[in-house]
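Novice: Sharing a structure here in structure tokens format.
The values are calculated or read from the model by the stated rules, or taken from the named source; none is laboratory data. Please read all numbers here as calculations on a predicted model, not as lab measurements. Cβ: placed from backbone, ideal geometry, glycine included. Neighbour counts: every protein chain shown. The area values use the complete protein model at the heavy-atom level, side chains included, leaving out ligands, DNA and RNA. Shrake-Rupley method; radii C 1.70, N 1.55, O 1.52, S 1.80 Å.
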Amino acid sequence: MKPEHHCDCVILGGGPAGLTAAIYAARAKLSAVILESNITGGLVNSTYSVENFPSYPSIHGMELMRRMRAHVDGLGVPVEEVCAVERLDLAGKVKTAETDEAVYRAPAVILATGRKPVALETPTECDQVHHCAICDGAPYAGKRVLVAGGGNSAFDESLYLLSLGVAHVTLIEVMPRFFAAAAAQEALFASGKAQGHTETRLVDLEVTGDRLTAALLENTATGETWREPVDGVFAFLGQIPNNALFAEQIELTKAGYIPAAVDMATSLPGVFAAGDIVDKPFRQITTAVADGTVAALSAERFLRGR
Ligand SMILES: Cc1cc2nc3c(=O)[nH]c(=O)nc-3n(C[C@H](O)[C@H](O)[C@H](O)COP(=O)(O)OP(=O)(O)OC[C@H]3O[C@@H](n4cnc5c(N)ncnc54)[C@H](O)[C@@H]3O)c2cc1C
């Protein structure tokens with residue numbers, strides 16, 4: 001039998017939204033627990049430089065999240081990391097989250113599971129395909145990489161790869177233009193170490209032994225194909241919501257996001273949502289922490305009203 005834990009509020013996800021919800025829950029004297037499938041910090045862990053979080057003109061993403069986590073620890077909220085929730089039951093007055101090691105029961109749940117990068121799919125697979133330059137970029141110093149995607153993430157991460165000493169970046173975008181901010185585009189192409197191709201798609205990877213040797217590319221407008229020698233691929237193709245655990249239980253938009261009310265309530269009583277998983281126009285750390293604040297305070301009000 002797995003051990004059972006009872007508390008006021010289970011928080012799923014330990015990114016900025018979940019950590020902030022924990023801070024507000026603790027200060028409202030709720031007993032809470034964070035269940036995090038990976039390590040705390042969320043997407044910000046893979047952001048090199050955060051330059052829009054008030055109080056820090058520039059801070060490394062991991063450092064910001066280390067401080068947020070320390071704040072939570074200081075308030076005594078338990079955090080279970082690398083903890084896979086196998087079953088989540090949001091119906092009824094007491095909700096249940098069952099992990100591989102324990103069962104958590106609480107009358108309130110905050111869903112703060114965020115998003116994950118869209119995976120690059122190619123007929124040939126290899127270990128040199130990545131989705132995070134901070135995590136995996138260092139071994140590519142002096143080497144050539146392909147970056148798939150033409151938005152802000154693709155350009156920012158390409159600049160970061162160059163700062164690590166990557167010799168050359170080939171950046172491809174399937175649409176007729178890049179969508180990143182003009183300043184990021186200018187900075188990347190002014191480096192002299194990057195080449196961009198619009199209307200271009202990755203057809204396949206050429207792998208020799210267990211090593212990536214080239215990317216096979218196609219210009220979708222002309223049909224021209226060519227072989228681009230590269231040692232690694234970094235894909236920044238957008239994000240999809242982490243909703244698999246509760247997709248069958250609460251109302252979601254067509255795109256899979258939670259349509260939360262102004263108090264972050266979802267379609268189920270006692271279930272609140274916060275952060276990037278919410279259907280909203282702007283997904284930033286500041287909007288995630290704002291959602292986490294509102295979700296925890298609303299959970300407290302919900303529990304007090306019972
Ligand atoms: C490349 C990149 C750069 C960015 N740069 C900036 C920036 O400079 N400034 C800025 O303000 N914003 C930036 N953002 C946006 C910012 O990272 C997000 O808005 C913010 O992280 C959202 O926080 P969150 O807590 O909602 O989600 P996340 O940060 O995604 O955290 C969600 C957490 O939930 C966990 N989780 C997922 N599923 C489960 C589950 N089933 N059970 C338990 N845990 C689960 C995940 O492991 C993760 O830790 C950037 C995003 C990207 C991708």
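Novice: Semi-axes, largest first, in whole Å: what does sqrt of 5 times each Cα gyration tensor eigenvalue give for the chain?
Specialist: 40, 20, 18
Novice: Mind checking Rg over Rh on the stretch 102-242, alpha carbons, Kirkwood formula for Rh? Please report the intermediate quantities before stating the final value.
Specialist: Numbers: Rg = 16.9 Å, Rh = 16.0 Å.
We get a ratio of 1.06 for the stretch 102-242.
Novice: Same structure, new question: Pop out the carbon and sulfur fraction of the accessible area of the stretch 94-216 as a percent, whole number, probe 1.4 Å. Spell out each step's value before the answer.
Specialist: Details: 2690 of 5470 Å².
Ligands and nucleic acids excluded, carbon and sulfur reach 49 percent.
Novice: Something else now. So what's the gap between the Cα centers of the stretch 183-257 and the stretch 33-57, to the nearest angstrom?
Specialist: 23 Å
Novice: Going down the list Lys29/Lys93; Lys116/Lys280; Lys95/Lys116; Lys2/Lys116, which pairs span over 22 Å between their C-alpha atoms? It would help to have the intermediate numbers written out before the result.
Specialist: Values: Lys29/Lys93 20 Å; Lys116/Lys280 16 Å; Lys95/Lys116 25 Å; Lys2/Lys116 30 Å.
The answer is Lys95/Lys116; Lys2/Lys116.
Novice: Turning to a different aspect of this structure: Just how large is the dipole of the chain about the Cα centre, in debye to the nearest 20, putting +1 at every Lys and Arg Cβ and -1 at every Asp and Glu Cβ? Each step should come with its number before you reach the end.
Specialist: Working: 25 positive and 36 negative charges, 213 e Å.
Charge dipole, the chain, about its Cα centre: 1020 debye, nearest 20.
Novice: May I pose another question? Calculate the FRET efficiency for Ala141 and Arg105 from the Cβ-Cβ distance with a Förster distance of 41 Å, rounded to the nearest 0.05.
Specialist: Numbers: r = 49 Å, r/R0 = 1.20.
E(calc), rounded to 0.05, equals 0.25.
Novice: Hey, can you find the accessible area per residue of the chain for me, probe 1.4 Å, expressed in square angstrom?
Specialist: Values: 14600 Å² over 306 residues.
I get 48 Å² per residue for the chain.
Novice: A follow-up question, please. Give the accessible area for His60 in Å² (nearest 10); use a 1.4 Å probe, count only protein heavy atoms, and leave out ligands, DNA and RNA.
Specialist: Its heavy atoms expose roughly 70 Å² to the probe.
Novice: Then there is this: How about the chain: what cysteines have no other cysteine beta carbon under 4.7 Å from their own?
Specialist: Among the cysteines of the chain, those whose Cβ sits 4.7 Å or more from every other are Cys7, Cys9, Cys83, Cys126.
Novice: Also, I was wondering about something else. How many angstrom lie between the Cα centre of the stretch 89-113 and the Cα centre of the stretch 1-16?
Specialist: 6 Å
Novice: DSSP beta bridges in the stretch 76-230, what fraction antiparallel, as a percent rounded to 5?
Specialist: 70 percent
Novice: What figure in square angstrom, to the nearest 10, would you give for the accessible area of Ser55 with a 1.4 Å probe?
Specialist: 110 Å²
Novice: Using only the heavy atoms of the protein chains and a 1.4 Å probe, how would Glu51, Glu248 rank by accessible area, largest first?
Specialist: Details: Glu51 125, Glu248 175 Å².
Final ranking, largest accessible area leading: Glu248, Glu51.
Novice: Another question, then. Counting other Cβ atoms within 10 Å, keep those with at most 12, restrict to DSSP loop, and tell me which trypsin sites (Lys or Arg not before Pro) in the stretch 71-166 are left. Spell out each step's value before the answer.
Specialist: On the way: sites: Arg87, Lys93, Lys95, Arg105, Arg115, Lys143, Arg144; in loops: Lys93, Lys143.
Listed in order of number, the matching sites are Lys93.
Novice: Let me ask another. So for the chain, taking the charge dipole from beta-carbon charges (+1 Lys/Arg, -1 Asp/Glu), which of Val85, Ile258, Thr222 sits furthest toward the positive end?
Specialist: Ile258
Novice: So if I place +1 on the C-beta of Lys and Arg and -1 on the C-beta of Asp and Glu, and nothing else carries charge, what would the dipole magnitude of the stretch 30-116 be about its Cα centre? I want it in debye, nearest 20. Spell out each step's value before the answer.
Specialist: Numbers: 9 positive and 11 negative charges, 62 e Å.
It comes to approximately 300 debye.
Novice: Turning to a different aspect of this structure: Calculate, for Glu81 and Thr225, the FRET efficiency according to 1/(1 + (r/R0)^6) with r their C-beta to C-beta distance and R0 35 Å; round to the nearest 0.05.
Specialist: Working: r = 45 Å, r/R0 = 1.28.
Between Glu81 and Thr225 the formula returns 0.20.
Novice: So between Lys280 and Val262, what do we pick up on full extension, going 0.36 nm a residue minus the alpha carbon distance? Write out the running numbers ahead of the final one.
Specialist: Details: separation 18, 0.36 × 18 = 6.48 nm, distance 1.10 nm.
Length difference between fully extended and current span is 5.4 nm.
Novice: Can you list the lysines whose alpha carbon is less than 24 Å from that of Lys193, not counting same-chain residues fewer than 8 positions off?
Specialist: Straight-distance partners of Lys193: Lys143.
Novice: Okay, next question. Choose one of Met175, Ala154, Leu188: the residue whose Cα lies farthest towards the positive end of the charge dipole of the stretch 129-235 (beta-carbon charges +1 Lys, Arg; -1 Asp, Glu; about the Cα centre).
Specialist: In the stretch 129-235, that residue is Leu188.
Novice: From the Cα gyration tensor of the stretch 1-141, with a ≥ b ≥ c the square roots of its eigenvalues, which class applies: rounded if a/c is under 1.5, or else prolate if a/b is larger than b/c, or else oblate? Mind showing how you got there, number by number?
Specialist: Numbers: a/c = 2.59, a/b = 1.39, b/c = 1.86.
The shape class here is oblate.
Novice: For the stretch 114-185, which chymotrypsin sites (Phe, Trp or Tyr not before Pro) pass both filters: DSSP loop (anything but H, G, I, E, B) and at most 16 other C-beta atoms within 10 Å?
Specialist: Numbers: sites: Tyr140, Phe155, Tyr160, Phe178, Phe179; in loops: Phe178, Phe179.
Of the chymotrypsin sites (Phe, Trp or Tyr not before Pro), the ones in loops of the stretch 114-185 whose Cβ has at most 16 other Cβ atoms within 10 Å are Phe179.
Novice: Another question, then. Take every DSSP beta bridge with both residues inside the chain and express the antiparallel ones as a percent of the total, to the nearest 5. Show your work: numbers first, answer last.
Specialist: Working: 29 of 61 bridges.
Antiparallel: roughly 50 percent of the beta bridges in the chain.
Novice: Another question, if that's okay. Of the options His130, Tyr104, Pro241, report the single residue whose Cα projects farthest towards the positive end of the charge dipole of the chain (beta-carbon charges: Lys, Arg +1; Asp, Glu -1).
Specialist: Selected residue: Tyr104.
Novice: Obtain the radius of gyration and the Kirkwood radius of the stretch 135-202 from its C-alpha atoms and give Rg over Rh.
Specialist: Rg/Rh for the stretch 135-202 comes to 0.94.
Novice: If you don't mind, there's one more thing I want to ask. Among the aspartates and glutamates, which have Cα under 19 Å from the Cα of Lys254 when same-chain residues fewer than 8 positions away are ignored?
Specialist: Excluding near neighbours in sequence, the set is Asp276, Asp279.
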